[in-house]
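Quick notes on the structure that follows.
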Amino acid sequence: MKQKAVIIGAGPAGLTAAYELSKTNTFTPLILERSKRVGGLSTTITYKGNKIDIGGHRFFTKSDTIMQWWLSFLPIEKGYGKSELTYHGRKQAVTSKHLFQKRNKNDVMMIRNRLSRIYYKGKFFEYPLELNLKTIQSIGVLDSFWFLFSYIQAIVRPIKPEITLEDFFINRFGKKLYETFFKTYTEKVWGKKCSEIPALWGKQRVKGLSMKKAVVNGVLKMIRPQHFSPNKKTETSLIEKFLYPKYGPGQLWNLVSKVAKKNGAELKFESEIESIHIQNSRVSSITYRDRNQKKYKTAASVVISSISIQELVPLITPPPPKKILQIAAGLEYRDFLVVGILLKKTTVKLHDNWLYIHDPIVKVGRIQIFNNWSPSMVKDKKTVWIGMEYFSNTDDDFWKQKDIEIITIAKKEIAALGLASEDMVIDATIYRAPKAYPAYTGSYSQFEALKRYLNRIENLFLIGRNGMHKYNNQDHSMLTAIEAVNIIVEKRRDKNSIWDINTEEEYHETK
Ligand SMILES: Cc1cc2nc3c(=O)[nH]c(=O)nc-3n(C[C@H](O)[C@H](O)[C@H](O)COP(=O)(O)OP(=O)(O)OC[C@H]3O[C@@H](n4cnc5c(N)ncnc54)[C@H](O)[C@@H]3O)c2cc1C
């Protein structure tokens, strides 16, 4: 008889684990998901035929395993058959082994151009920042001189020791550039002053950025423009382009859940876990309620959790030591909401996937232009479908406002930015995503003790983004799931290889 594997959460990590386990002859996965949909943060929301991707998910990875995995579900759309994919100059393996012989013709990955810019005081700047003639023109010659002067000051007299993120940025860019291009956006994202965030954060997240790089990138683009327009080549660099499912990331995760279910996995939506029972350092069973409040107690051979550690720890019965409960409770997150706005048109033509809004006059942090992710995200192609992203905390006054009040703010802000007047708005909606970013603040400095405690529960495996309280992208989240399944199937005891995934600093999106 097959053993039961309980998987908590049907996001990329949970579904990858379910799919991988469903292929074995040993385990039947039961996925318990709190919401009504699959995909977690990587879901696609449909509002009156228009689709929202929370965050805008570029599909890019260094891992051949993940690339093959994605393309086995959603092959690259026709027309790119002969194209070679590269990432940071390295050729990527593209599978021809697709899972389905008969496939819906819309189940494809598109290759999309990547364009994101900074929007500051009505002007556009390259993202990541490039110091080229255009940038100098936009900043103005006098201000550019001050930028240079403050950069030289930072080189001659760097802040030592580098304690805060503010120190980190000033040492690399100079005070003036930091104040213009880094301070406001970073503070919008994290809701904390850069002077309150440890410098370590910068080392982990923005290690690849420096003034030298900004200049080199700018100069390279001027002298070798063809390098940056790979359209005509048979080589497609996934730095300037990215893969994207025709109907957004949720399309992939819907398909994965369908196949896992076909292989025998069970998926229960609107399930609420009540307790995770531990006996002799192993999970023995899980109690949960279904959508009708019916209570179940199910025995589990293994439990794979992709839910936040903060929520997981209090579910453990008998309760963990007080110290462990305190560390879990003290973990911090940044919450996120997106206001979808349907516009007749914008004032300026926007080719971008997304814009970083550095202007301090508005609260919006980023604006997604969903038309440019995939035209199929928009019902009427003549309209412009945007997502205004707000970073907030669930206990902020901003978050606590009614949906309609936040939508009103968003409409006013798009007008204040000069991107579209309020009378261009046809319709709007809102989607809230709590715990979108696990933060390396709060009790995170004591995280090792928590990790050690949870690792000691032999058949409990933590995977994914909030599941490991780690800034994991989809590919990392999936790799942690695949590694957990490997450990389970091979009956290994050491779980450290799961924690080793995504420890390379240079890998992050911000680079
Ligand atoms: C703004 C933003 C932009 C991003 N951009 C990219 C990108 O460009 N490329 C990329 O690859 N990645 C990107 N990511 C990261 C990507 O979204 C995550 O890596 C991925 O979704 C994590 O998968 P997961 O399964 O670990 O967690 P999640 O996606 O968070 O899924 C967890 C699931 O668990 C469920 N759950 C939570 N609590 C419970 C509970 N108590 N009981 C039952 N179920 C529960 C949730 O409902 C959810 O379905 C981005 C993320 C954000 C926020």
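Placing unit charges on the Cβ atoms of the charged side chains and taking the dipole of region 320-413 about its Cα centre, the candidate lying farthest along the positive direction among 409, 367, 330 is 367. Just add up the charged neighbours of residue 196: K/R +1, D/E -1, any other residue whose Cβ is under 15 Å from the Cβ of residue 196. Result for the local shell: 0. Computed from point charges on the beta carbon alone (+1 for Lys and Arg, -1 for Asp and Glu), the dipole magnitude for the chain about its Cα centre is near 1160 Debye. Within straight-line reach of residue 261, meaning a Cα separation under 16 Å, sit the following aspartates and glutamates at least 8 residues removed in sequence or on another chain: 20, 33.
Proximity of backbone amide H atoms, modeled 1.01 Å from N, is registered between residue 28 and 3, 4, 5 at under 5 Å, excluding neighbours fewer than 5 places apart on the same chain. Applying a DSSP loop filter and a limit of 13 other Cβ atoms within 10 Å to the trypsin sites (Lys or Arg not before Pro) in region 31-93 leaves 36, 48, 78, 82.
Dipole of region 1-160 computed with +1 at Lys/Arg Cβ and -1 at Asp/Glu Cβ about the Cα centre; of 28, 125, 139, farthest Cα towards the positive end is 28. Of the trypsin sites (Lys or Arg not before Pro) found in region 250-319, those that fall in a DSSP loop while having at most 11 other beta-carbon atoms within 10 Å are 291, 294. Going by neighbour counts of Cβ atoms within 10 Å, the residues 476, 98 line up, fewest first, as 98, 476. Shape analysis of the chain places it in the prolate category; the axes a ≥ b ≥ c from the Cα gyration tensor give an a/c of at least 1.5, with a/b above b/c.
Please order 456, 172 by the number of other Cβ within 10 Å, starting at the fewest. Each step should come with its number before you reach the end.
On the way: 456 10, 172 23.
Exposure proxy ranking, most exposed first: 456, 172.
Taking a straight Cα-Cα cut-off under 15 Å and skipping sequence neighbours fewer than 8 places away in the same chain, the aspartates and glutamates within cross-link reach of residue 412 are 359, 389, 403, 422, 423, 427.
Please get the size of the charge dipole for region 250-350, origin at its Cα centre, with Cβ charges of +1 on Lys and Arg and -1 on Asp and Glu, quoted in debye to the nearest 20. Mind showing how you got there, number by number?
Details: 16 positive and 8 negative charges, 81 e Å.
It works out to roughly 380 debye.
I need the shape label for region 48-130. Rule: rounded when a/c is under 1.5, else prolate if a/b > b/c, else oblate, with a, b, c from the alpha carbon gyration tensor. Here region 48-130 falls in the oblate category. To the nearest ten degrees, helix 474-489 and the longest principal axis of the Cα atoms of the chain are 20 degrees apart.
Beyond a 27 Å Cα-Cα separation, which of these cross-linked pairs lie in this structure: 48/183; 294/451; 363/402; 123/246; 123/345; 51/192? Intermediate results must be reported in sequence, preceding the final value.
Working: 48/183 37 Å; 294/451 32 Å; 363/402 16 Å; 123/246 31 Å; 123/345 19 Å; 51/192 31 Å.
Cα-Cα > 27 Å for 48/183; 294/451; 123/246; 51/192; rest within.
Along region 150-159 the Karplus relation, 6.51 cos²θ - 1.76 cosθ + 1.60 evaluated at θ = phi - 60°, assigns HN-Hα couplings of 6, 5, 4, 4, 5, 6, 5, 10, x, 6 Hz to successive residues, with x for each Gly and Pro.
Summing charges over all other residues whose Cβ lies under 10 Å from the Cβ of residue 44, with Lys and Arg as +1 and Asp and Glu as -1, gives +1.
Rounded to the nearest Hz, the phi-derived 3J(HN,Hα) couplings of region 254-269 under the Karplus curve 6.51 cos²θ - 1.76 cosθ + 1.60 (θ = phi - 60°) are 5, 5, 4, 5, 4, 5, 4, 5, 4, 7, x, 6, 10, 10, 10, 6, where x marks glycine and proline. Listed values for region 407-419 are Karplus-derived 3J(HN,Hα) couplings in whole Hz (6.51 cos²θ - 1.76 cosθ + 1.60, θ = phi - 60°), namely 4, 5, 4, 4, 4, 5, 5, 5, 6, 4, 6, x, 8, and x replaces Gly and Pro. Between residue 366 and 357, 389, the built amide H atoms are under 5 Å apart, and every one of these is 5 or more places off in sequence or on another chain. Taking a straight line from the alpha carbon of residue 176, these aspartates and glutamates sit under 12 Å away, with near neighbours fewer than eight places off in the same chain left out: 143, 166.
By the count of neighbouring beta-carbon atoms within 10 Å, fewest first, 388, 1, 377 end up ordered 1, 377, 388. In region 51-199, taking the dipole from charged Cβ atoms about the Cα centre, the farthest positive-side position among 93, 72, 178 is held by 72.
Among residues other than residue 450 with Cβ under 15 Å from its Cβ, the summed charge is +4 (Lys and Arg +1, Asp and Glu -1).
Bear in mind these aren't lab numbers, they're just calculated from the coordinates by the rules spelled out. Here the structure is a predicted model, which means the values were calculated and not measured. When we count neighbours, we look across all protein chains shown, and the Cβ atoms used for this are built from the backbone with ideal geometry, even at glycine.
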